[in-house]
1. Starting from the Cα of residue 264, draw a straight line to each of the aspartates and glutamates and keep only those under 13 Å, dropping any in the same chain fewer than 8 residues away.
2. Any idea what diffusion coefficient the chain gets from Stokes-Einstein, in µm²/s, Kirkwood Rh on alpha carbon pairs, 37 °C, 0.692 mPa s?
3. Place a point 7 Å from the Cα of residue 253 along the Cα-to-Cβ direction; which residues of segment 93-124 have their backbone N under 13 Å from it?
4. About the Cα centre of segment 207-281, what is the dipole size in debye to 20, counting +1 per Lys and Arg Cβ and -1 per Asp and Glu Cβ, all else neutral?
5. Charges only on Cβ, +1 for Lys and Arg, -1 for Asp and Glu: so what's the dipole of segment 3-94 about the Cα centre, in debye to the nearest 20?
6. Can you figure out the FRET efficiency of residue 87 with residue 300, using R₀ = 30 Å and their beta-carbon distance, to the nearest 0.05?
7. If I model a spin label as a point 7 Å beyond the Cα along the Cα-Cβ vector, how far apart are those points for residue 158 and residue 8 in nm?
8. In a GNM of the chain with a 10 Å cut-off on Cα contacts, which of 200, 168, 278 has the highest mean-square fluctuation?
Amino acid sequence: MTMSDDLRARAILTWLTHDLALMVLDMRPASSDASFRRYFRVTLPEQTLIVMDAPPERENIRPFVAVAKVFDAARVNVPKLFHIDYEQGFIALEDFGASCYLDQLNSDLTVADRLYHSAFDSLLTLQQNTDIQQLNLPVYDVALLTRELAIFSEWFATAYLAITIPDALQVSVNQLLIDSALQQPQVLVHRDFHSRNLMALTQNNPGIIDFQDAVIGPITYDAVSLLKDCYIQWPEQQVDSWREAYLARLKAADLINCDAQQFKRWFDLMGMQRHLKAIGIFARLHLRDNKSTYLQDIPRTLAYVCTVCAAYPELAEFQLFLNQTLLPAYQQKL
């Protein structure tokens, strides 16, 4: 489909040129994501903008606008919002460029150390500078955590592999992961704090995007999203080093009071909850939305789950189910 055939793109162009009286020199697709949102890069005489296209029947831009204000007030670097059209679902926002962390990360740990240090600076700033009692945001409660875990069984196990997870096993795994999440100190959680949503900038790095699903939730959630990223994997020893360094900073900021073993357990089990959800979402994107590129990220994400299961005796039964039933079925799909 060309831009001229794209009714939403034409409506954006009309909004920019007619409603906002901007001189548009060029407009081209910038990216899409796992939702129904798309992004266009628009060139004006003096600057470039990113325009978010969020079809109102599919997406609600109000949470994005509200959370942007919260993050900005916390003094982390999110894009400035220049123009908003709630009715049509358009936002013109600051352009952070085209290079995300994932584009910059490679086997050079010096680069990774620098980028991750900046990311943790931002995360700590966010957690320190927000009073969760004053935020009108959803809470990562039992209901939300349970709904997310159901995505794995519904879309990956049942719809993609034609396997049913025994109810008793599902309940016991859910209980373990949910209890661990709720035991943790609660903070503002970005919820997708990973290498594709952190833009590599020369100043005020990183630029943080895709934050509209922020919630009040467990303190390890964003840290494990970053360090056990679905899109890039680091040696366990390196993850341990980064995690322990971040724990030291959390303690120094009086945001947490636990030992390293407890923090690792929270971190690992939180990661497993997130990774089960992500695997389910990747399968759903393939089956429902015809976005099959995410299938390539399932092996890495599933490997995280297997590693955690092997490390915690409470997950031995689930590990057995993975090894004997789920993984063989998955191998047949590859």
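1. 236, 240, 244
2. Values: Rh = 21.2 Å.
Using the Kirkwood radius from Cα pairs, D works out to 155 µm²/s.
3. 117-124
4. My answer is approximately 120 debye.
5. Working: 11 positive and 13 negative charges, 53 e Å.
Dipole about the Cα centre, nearest 20: 260 debye.
6. Efficiency, rounded to the nearest 0.05: 0.15.
7. 2.8
8. Of 200, 168, 278, the Gaussian network model singles out 168 as fluctuating most.
Just so you know, all these numbers are worked out from the coordinates, no wet-lab data involved. Note that the structure is predicted; figures quoted are calculated from it, not measured. So basically every Cβ, Gly included, is an ideal-geometry build from the backbone, and we count neighbours across all protein chains shown.
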